[in-house]
Every structure is written in structure tokens, then in C-alpha cells.
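The structure appears right after this line, and notes come after that.
The values are calculated or read from the model by the stated rules, or taken from the named source; none is laboratory data. Keep in mind it's a predicted model, so treat the numbers as computed, not measured. When we count neighbours, we look across all protein chains shown, and the Cβ atoms used for this are built from the backbone with ideal geometry, even at glycine.
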Amino acid sequence: MEKDWQYYKKLNDEFFYIFKNVEEIVRKRNKDYSENFYSLIFIDKYLLLNPDTWKKYNSFRNIVAHKNSEKEFHITEEGLQIFKTNAESIINPPKANEKCSRPYAVNCDINFCDVLTHMKKKNYSNVPIIDTKNQVIGIINYYTLFNYYNDNCEDIASLPRELQVCDILDYCKLDNNPDIKYEFIWEKEDIYKVYELFRSNNSKVKIEACILTDNGKKTGKLVGIITPWDLLD
């Protein structure tokens, strides 16, 4: 059965109402009430993550506002649901801890070779080392192994099987490599803060990962870890 005009109008009205909420929030966030919404797309850090989509929504909003009585200009039910999801990410931005899972973390008395085996099996690039307070005191990654071999290559032919994490702790310090760095952020920071950190990376110093803690500091308890690969999911 063909839908009547009132049905389409209801969909358009719902779209228009939600769009106005998004626009109001974006204006408040940027403290800008003079620019039109199209201009705000290039100012707001959240809209900038998906500018082409919001350009299309803005164009449709203009159509709805000026030609609301024409049946051919309507949003579909499926399109409205997709729009609601996009709008929700602007109205209530997801938190950083929603983009990460509890990381594989190790303490100092675990066998280092076992850690490497697990990293290879699970394809982990960074494994936090934690103390008894669940605070991060180091990171195991490929730099760790490279630096260890670089200092010990004359004395060893292969990695000692009895080697423990505590034995290579000096090679796991967060500031060991001048080309990379780790950022500590609050677990409930919105995810766009993480996007912004990775996007604004200095070309000389790459952010390897963001470490989430319960207070956003190195002294906080580990909650999770986010790499650029996590944001592609």
C-alpha cells in the first residue's frame, strides 16, 4: 500500500526536529550563532570527522524547510535511522572507554618470551606493564625487543628463555623512543578527543597509543589502550 503524504511529512518533521537539536548543540559548543550550519561543519571538530555526510544532511534540511509539502522530497525510514545514529554521536559523543577493551597487561614477574608469544598470537602491538596498583610503568612493543638486542647482541645469540619482564624493564620505559609517545587520557573523555590527538600528530613524534586511566594521568589505574587501528573499527 502506497504511503500517504502525512506519512512522509512525519518522517521529514522528525528529521527536521533532530537536525535543529544538532544545530543548537553545535552552535553552543562553538559559541557561534552568526554562521549558518554549512559553515559550522568546517569549524566543529565533531562534524569535521564526517563533513561530506553533514553537507548532505544540511542540503536535505534546506529542502525540507522550503519544500515540505512535496512528496518526492522525503527521507526514508532507513535513512532516518541512520541519521539518528549520526546525530546521537554529535548530541551525546561516545566515550573513550567505549572504543577500547580491557587490555592484555602484564606485571614484572612474568616470562618475557611468553609475553612475546601471546603478542604474536593475538597480534598485539603494545602491551602495558603494570605495578601492584594497576598503574602503567612501561610498554612492551617492537622497540623493546629491538633496543634489547641492540644493547646485548654481542653477548647473546638468542633471547634467553628465562628472561622476565623485570629484566628488560629499562627497555620498556614510555619515553625510551624519541620518535613516539604515549598520551594518558581520562577513560570518560569523549572519543573525539582521541581522534583529535591522533589527527594533530606532530610529524616528528608519532602518538603510538592513548592510554586510558581512571583519572587521565600516569598515576591513574589502567582502564584500556587505544591505537589508531582501534578507531578504524
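Within the stretch 154-170, can one find any residue that is assigned to a helix (DSSP H, G or I), β-branched (V, I, T) and either out of contact with any strand residue (DSSP E or B) (no Cβ under 7 Å at 6 or more places or on another chain) or crowded, with 19+ Cβ neighbours inside 10 Å (or both)? The answer is yes; a qualifying residue exists.
Scanning the stretch 122-136 turns up no residue that is crowded, with 17+ Cβ neighbours inside 10 Å, under 23 Å from G224 (Cα atoms), touching a residue at least 24 places away in the same chain (Cβ under 8 Å) and of a type in the set (S, T, Y). Taken together, P103, P94 contain a single residue that is under 30 Å from K221 (Cα atoms), modelled with pLDDT under 85 and surrounded by fewer than 15 Cβ atoms within 10 Å (Cβ to Cβ), which is P94. Cβ-Cβ distances below 8 Å connect the following pairs, each with a first residue in the stretch 11-25 that is in the same structural domain as F60 (by TED's automatic domain parsing) and of a type in the set (V, I, T), a second residue that is surrounded by 12 or more Cβ atoms within 10 Å (Cβ to Cβ) and at pLDDT 90 or above, and a separation of six or more residues or different chains: I18/F83; I18/K84; I18/A87; V22/A87.
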